[in-house]
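The values are calculated or read from the model by the stated rules, or taken from the named source; none is laboratory data. All figures in this text were calculated on a predicted structure; none of them were measured in a lab. Neighbour counts run over all protein chains shown; Cβ positions are idealised from the backbone, glycine included. Keep in mind that these areas ignore ligands, DNA and RNA; they rest on the heavy atoms of the full protein, side chains included. Shrake-Rupley method; radii C 1.70, N 1.55, O 1.52, S 1.80 Å.
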Amino acid sequence: MADQLLKFTDAASERIRTFISEDPAEGLAVRVSVQNASPIAPEYEMALIEPFEREDGDESFDAPGFEVVVDAQSAAILAGTRIDWVESLHGSGFHFNNPNIQPLGSGPLDGPLVERVRRVIDEQINPGVASHGGTVRLVDIRDNVVYVSMGGGCQGCGMASVTLTQGIKQMIRDAAPEIVDVQDVTDHAAGSNPYYA
């Protein structure tokens, strides 16, 4: 079961055993759960739980030196996930390498819907934002939701959300009515030369 559901690196296992040894409670296990399976920013939670905190339907298995508890819904999403403990300049924490949640833009972008959306971006949207030094790039399309990123003068621009909701979204939906939403996945805080600060 442990090999199929979750794998813990030696560093992660050691860190978990340390946390357990520092807690005075008896019978502790590690609950691993998926809080948000979004491909934009998946969120996981790991917590030490006491026996009374277990729930009906939980799956449990032994890992090296500790017990792991996973709820049924999370188990389906976590199958095959590798958990590591990472220390870097940005801080330390558990890192989940989950093969079931593919980051945006990780798969091939092709097909008639992709081509229609690309044409709108290339022929209508980018010429409009170019006057402000901006660009818009198609990142992914999943479940009829278009994910775009903004660069140049659009990255960090105070009017980016207005441009998205009143311009980009409408143009894309006019060309592809099956699109249900357009989401901006730009890191606007990293913009270095926004058109409107």
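Condition first: surrounded by 16 or more Cβ atoms within 10 Å (Cβ to Cβ) and not in a helix (DSSP H, G or I). Now tell me which residues in the range 103-131 satisfy that.
Leu104
Of everything in the range 140-163 that's of a type outside the set (Gly, Ala, Ser), assigned to a strand (DSSP E or B) and at pLDDT 80 or above, which residue is surrounded by the most Cβ atoms within 10 Å (Cβ to Cβ)?
That would be Val146.
Give me the residue from the range 164-197 that is open to solvent by 60 Å² or more (accessible area, probe 1.4 Å) and among the charged types (D, E, K, R) and, out of that set, modelled with the lowest pLDDT.
That would be Asp187.
Specify which of the listed residues (Glu55, Glu22) is in contact with a strand residue (DSSP E or B) (Cβ under 9 Å, 6 or more places away or on another chain) and either under 24 Å from Gly107 (Cβ atoms) or of a type in the set (Asp, Glu) (or both).
Glu55
Hey, could you check the range 1-38 for residues that are outside any loop (DSSP other than H, G, I, E, B) and acidic (Asp, Glu) and say which is modelled with the lowest pLDDT?
Asp3
What is the one condition in (1) open to solvent by less than 80 Å² (accessible area, probe 1.4 Å); (2) of a type outside the set (A, V, I, L, M, F, W, C); (3) modelled with pLDDT of 80 or more; (4) under 23 Å from Pro42 (Cβ atoms) that Arg137 does not satisfy?
Status for Arg137: all satisfied but (1).
Does the range 41-97 hold any residues that are of a type in the set (Asp, Glu), surrounded by 14 or more Cβ atoms within 10 Å (Cβ to Cβ) and within 14 Å of Arg15 (Cβ to Cβ), and which are they?
Result: Asp84, single match.
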